[in-house]
1. For a 28 Å ceiling on Cα separation, which of these pairs sit above it: Lys115/Lys156; Lys39/Lys156; Lys19/Lys154?
2. Using alpha carbons only, how many angstrom separate the centre of the range 26-46 from the centre of the range 56-118?
3. Counting pairs of Cα atoms in the chain, how many percent are more than 21 Å apart?
4. Kindly write out, for the range 70-83 in residue order, the coupling ³J(HN,Hα) from the Karplus curve 6.51 cos²θ - 1.76 cosθ + 1.60 (θ = phi - 60°), rounded to whole Hz, with x marking Gly and Pro.
5. Residue by residue through the range 165-176, which ³J(HN,Hα) values in whole Hz follow from phi under the Karplus form 6.51 cos²θ - 1.76 cosθ + 1.60 (θ = phi - 60°), with glycine and proline marked x?
6. Roughly how many nanometres apart are two label points built 7 Å out from the Cα toward the Cβ at Ser173 and Ile101?
7. How many nm is it between the label spots at Arg12 and Glu136, if each spot is 7 Å from the Cα in line with the beta carbon?
8. Please go through the residue pairs Lys55/Lys108; Lys66/Lys130; Lys130/Lys150 and name each one whose alpha carbons sit more than 26 Å apart in this structure.
Amino acid sequence: MRSRIMLLEDDRQLHMTIKAFLEYIDYEVISAYDAMEAKEMLYEKSSDLMLLDVKVPYQNGFDLLKELREGGDTTPAIFITSLSSIDDLSRGFDVGCDDYIKKPFELKELELRVKAAINKSFGSQKGIVKIDETTEFDIENFSLKIEDKKINLKQKEAKLLSLFLKNRAKIVSYDLINSTLWDYDEEPNSKSLRTYIYNLRAYLGRDRIRTVKNRGYTFE
């Protein structure tokens, strides 16, 4: 099932470029050119991620997201905007955004940030994910149950496992791993990543996580 993205962008050329690109990389996109239209669409359809421009008609993106958050909407949100001051960045996070992309940006950067936000959301869900006949992953409590044995994972180990489960049998790139595991104010650590991989292989079996040279990993 494809993830659905809500796109709010009033620049028609950029709007169509982003929409076409996201659809090309296999996302479903619902889109709006102003805040009023966006609210109507969000009321009718749920989404897995919101991409919100700030300077849009009827209501700016900051106030729109603040209103949505106050109404209980926890959908991950990324601001895409030309505003670049620390005050603007701070305001964006204060109203509840998950990430911030400054214009102009490369479409590859957009792809990585979109994937990271959606995968982080998957990792914050509640419930049990069945890995195989004898192994289950408790997303909320960061724990594995292998037959009758319970293993408590570190937070980043759990995030990494969630990322792999969201992308079973796909190559999960180092860039996507780094943007998912480490927050914007943290520096990715390759040594720590190797430790997390080592630990997950010890719990789940070495052949479960395969290294793809110079690219990342796949979860079998």
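Each reported figure results from applying straightforward, stated rules to the coordinates on display, with no laboratory input. The structure displayed is predicted, hence computed values, not measured ones. Ideal geometry is used to build each Cβ from the backbone, glycine not excepted, and the neighbour counts take in all protein chains shown.
1. On the way: Lys115/Lys156 17 Å; Lys39/Lys156 34 Å; Lys19/Lys154 37 Å.
Violating the 28 Å Cα-Cα cut-off are Lys39/Lys156; Lys19/Lys154.
2. Centre-to-centre (Cα) distance: 15 Å.
3. Values: 13717 of 24090 pairs.
The proportion of pairs with Cα distances above 21 Å equals 57 percent.
4. My calculation for the range 70-83 gives 5, x, x, 7, 10, 4, x, 9, 10, 7, 10, 7, 7, 5 Hz in order.
5. My calculation for the range 165-176 gives 5, 5, 10, 4, 6, 9, 6, 9, 6, 4, 4, 5 Hz in order.
6. 1.3 nm
7. Between Arg12 and Glu136, the simple spin-label model gives 5.4 nm.
8. Working: Lys55/Lys108 23 Å; Lys66/Lys130 36 Å; Lys130/Lys150 14 Å.
Correct reply: Lys66/Lys130.
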